[in-house]
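The values are calculated or read from the model by the stated rules, or taken from the named source; none is laboratory data. None of the values given here were measured: they were computed from a predicted structure. As a convention, Cβ positions derive from the backbone with ideal geometry for all residues, glycine included, and neighbour counts pool all protein chains shown. When the accessible area is computed, the model is the full protein with side chains, heavy atoms only, and any ligands, DNA or RNA have been set aside. Shrake-Rupley method; radii C 1.70, N 1.55, O 1.52, S 1.80 Å.
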Amino acid sequence: MIPFENTLPYETIQQDVYLIECPYCGERNVLLPLKAEHLETIREGRKRLIVFPCCREQITAVNADRDYLLASRPIRRH
Ligand SMILES: [Zn+2]
């Protein structure tokens, strides 16, 4: 079972991956430094460090589904 505190909703527009809202600083529609194809490798078990461009916070994504990234630790909410 996936702990909800570790999830982060995202959206894709073609190859671009956006955070709907940054949990750390509240910025909306944050373009993440990864492409939709990377979601596939995360899903296959390749962890990926993601640095948010808005506030330089970072998470390690360990899984992904169609709507959520799963981080290795709970995500603090702002
Ligand atoms: Zn941020």
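Taking region 32-47 as the range and being under 14 Å from Tyr68 (Cα atoms) and touching a Phe, Trp or Tyr at 6+ places or on another chain (Cβ under 9 Å) as the test, the residues that pass are Leu32, Leu39. Here the condition is being in a strand (DSSP E or B), away from the ligand (no atom under 11 Å from the Cβ), among the hydrophobic types (A, V, I, L, M, F, W, C) and open to solvent by 80 Å² or more (accessible area, probe 1.4 Å); of Leu34, Leu70, Leu49, it holds for Leu49 alone.
Name every residue in region 53-75 that is over 9 Å from the mean Cα position of the chain (by Cα) and among the hydrophobic types (A, V, I, L, M, F, W, C), in order of residue number.
Passing the criteria: Cys54, Cys55, Val62, Ile75.
Residues in region 13-31 that are among the β-branched types (Val, Ile, Thr) and under 16 Å from Leu70 (Cβ atoms) were compared, and the one that is farthest from the ligand (Cβ to nearest atom) is Val17. For the residues Asn63, Asn29, the requirement of being of a type outside the set (Lys, Arg), within 17 Å of Ile13 (Cβ to Cβ) and open to solvent by 50 Å² or more (accessible area, probe 1.4 Å) singles out Asn29.
One line per residue, one yes/no per condition, for (1) touching a helix residue (DSSP H, G or I) at 6+ places or on another chain (Cβ under 8 Å); (2) modelled with pLDDT under 95:
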position: Ile13; (1), (2): no, no
position: Arg28; (1), (2): no, no
position: Ile42; (1), (2): no, no
position: Phe52; (1), (2): no, no
position: Ile59; (1), (2): no, no
position: Val62; (1), (2): yes, no
position: Arg76; (1), (2): no, yes
